[in-house]
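Here's the structure we're looking at; comments come further down.
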Amino acid sequence: MSMLSKYWFAVSISFPISGFNILEFYDVIKPSSRRVNWDEHNRYVRDCFFKYVDDTTSRFCHQNVTVHTFKLITPNQDCDPTQVDIIDRCLGLFLTKGVKVLVIEIKDIHFYDLPKYRLPNTLLSASSLTSMKIFGCELPPSLMVDVVNFKSLKMLELKRVPLHDEVIKRLTTSCPLLEKITINDCEGVKIFCVYGLQNLQEVKIEFGDAVLEIIDIDAPNLWHLWLVDSGRGMPSMKVASCKKLTKLSYNGYPSPTSEGLVDLSSDFPFLEELYLELDDPRSLQLSSHSVRTFELCTDLDLDVIDLSAPNLLLFMYNDYSRFDFGVKRDSIPSKACMAYEGFVDRYWFQYLRQFLDKNIGFKELKLSINVRRIEVEELMVIQSPRYELEHVELYIKELSVYESILDAVLWCCRPHSLTLEANFACTNSLILKNGAILSRYIIYLLYIMLLIVFVFQFTHEKLLLQEDEGKTNIGILISSSSKVQKHFSDLNSFLTASPRDLQVETITFIKEEVVPIKKKRMIKQSKDINTDVPNCSKSFQITVNGLDEFFDTWSPMHLVGMDVEALKIIEMIIPADVTVDDVIITDENGG
C-alpha cells in the first residue's frame, strides 16, 4: 500500500459513518473470464470482503472516535466459523464505540437452509442506540434473562427475526422512548402486545407466513397503524384506547365478512384516514362514523362496494397499487368528493351511477380516465335520472375518445361546473416529410387551436342540453401552466379571443342562470379542401384565410417549405365545419 493510500485509509476509518456491504464488493470484483466457477468466485469475493472488515476493525480499535452509524450487510456465514468470529468482533467493537444507528442484515443464501446468525449479548447493553434494524438474525440468547438497556432507542425494525409473544413485551418495555416499531415476516408471534409506550407514534406489521391472531396496543400517542397481510386475514384488533390513532393502512386479503373491516367505528373510533389495498376480494362492506379520507386500491367493481361513512370528505378509488399509503392532510376537500383513476367501460359508468345513490352525498367527482373503447350508444338507451353534482373534474389521457367519455359522464351526472384537464400539446404528433421546421410548427399550432375550439364547442353544447333552453349560459375559465386565469362570459367571447389568450392547461365550464342571449353562429358550413394536386415542387406556399372569424387578431398563415403531403395534413386537422376560403399553391418560380 502506498503512502497516499495509507493516509486515505486511515482517514476513512475515522469517519463517523462506517459500513460494510458485500454487494458493493460484487460490483467491483468481476469474474476474469466468461467461463466462471461461481462457487469459487463467490468464495473469493467473501474472503476479500471479510479481510477488509477484519483489517478495518483492527485499525479502528486504535482510533479514539465515536461512530454515529454502523451498517453490515453480508450473506449468512454459519458454514465458516472464522467469518462468524469476524462479525462478532466487528459488531462488539462498534457497539462499545457509542454507535447510534445500527443496521445488521444477514442475507439468506438461496437453496441453503442455514441456521441464522445469532447476535452477541453485547447488543443488549448498547444504551447509545437510537435506531436499530435487524434483518435475518436471531436475537441474543440472554435477552429474556439479562438486563436490556435500550434507553435511547426510538426506532426498531425487525425482519425475518424469530420472535414470540414474550420477546415483543420484553423488547418494548426496555425501550421507553420508542417512537416507531416495524415487524416484518417474523415467525412465532401470535399476540402483538404493546403497553405503556408514551412516545410510540407508528406501528407497522407485515404478517408474512406468520399467524398473527391479536394486535393489542395501548399507546396514547400512536397515530398510524400499518398492516400488511399476505393471506391470513386481519387479526383481532384491540386499539380502541389509542385516542390519537387517526390513520390506518391495510394491505392484504381480508375475507368479505372480516369484522375488522365491516365496522371500523368500534375498533377504530377515532379513525380519520383509511388506506386499503385489497387483493382479490369478492366485496367490501365498511362502516365508520369518523373516517374523513378513504383511499381504496382494488379491482373491485363499484356495485359490490358498500360504504357507510357519513363524515367522509374524500374517497379515492384506484385499480392499481400506489405504495404511498395515505392522503396528505392538506389535500382534503371541504365538500364530499369522489376521485377515480383507472380504466373504464360502459359498465363502470352504470356502477358509478348506482354507487352515487348510496347515501354518501358526494358533491364533487374527479376522474382520470384510461379507455380504449366505450359503447356509449348502449349506455344512452338506459333511462336513468342524472345525479346532481356541484363540480366534475375530468382528465382524459387520450382526446380521441373525448366525445364518448363526456357523453358517458353527462349521462351519469348533471354538474353545475365541469373542469377539463388535457395535454393538448401531446395529443397527436404530425410528421411531415421534407417539411421545414417552422412550417411544421405552424401547422401543429393550427391543429391545436382547432382542437381546442372543437372541444370547447362540443362540451358547451352538451352541457347546455342538460338545461332548459334559453335559461342557462355557460361561462368559461381557462388556466395556463403559468397559473394565469382568463374568464370568458360565454362561448362567443371565447371564439373571438386572441390565440395568445388561449394557452390552455385546464378549462372550466360554469353554468349560470342569465337572461337568454341569442347565440351568434360563428362557424360556417365547410368546403372540402381539394387535395387532388399534381406533383409539384417541394417548395410551395399555402395561404389559409377565414380563421379571423374565430380570432380577431388572426392573420392569414403562409406556410412555406412543405411538400404536397401538407395538404393532406391540413385536410385532416381542419374540422368539417370550418370554412377555408383560399388555398394558394405556387412552385419555386411563382407559377
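Each value in this text was obtained by applying a stated rule to the coordinates, not by laboratory testing. Predicted model, so just to flag it, every value in this text is computed and none were measured. Every residue, glycine among them, receives a Cβ derived from its backbone with ideal geometry; neighbour counts consider all protein chains shown.
At a glance:
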read-out	value
Over 26 Å between alpha carbons, listed pairs Lys51/Lys151; Lys363/Lys397; Lys180/Lys366; Lys71/Lys151	Lys51/Lys151; Lys180/Lys366
Sorted by Cβ neighbour density within 10 Å, fewest at the top, the residues Tyr351, Tyr395	Tyr395, Tyr351
Förster-model FRET efficiency, 30 Å R0, Phe270 and Glu166, C-beta, rounded to 0.05	0.50
Label-point gap, in nm, between Asp108 and Ser142 - each point 7 angstrom along Cα→Cβ	3.0 nm
Rounded FRET efficiency, nearest 0.05, which uses the C-beta distance separating Asp27 from Ser368 and R0 of 51 Å	0.80
Residue exposure sequence - Ile507, Ile214 - by fewest surrounding Cβ within 10 Å	Ile214, Ile507
Spin-label pair Ala240/Lys190, simplified geometry with 7 Å Cα→Cβ offset, distance in nm	2.4 nm
Extended-chain gain in nm, criterion 0.36 nm per residue less alpha-carbon gap, Lys335 and Thr122	71.0 nm
Inter-label distance for Val65 and Glu403, nm, one decimal - labels placed 7 Å from Cα along Cα-to-Cβ	7.1 nm
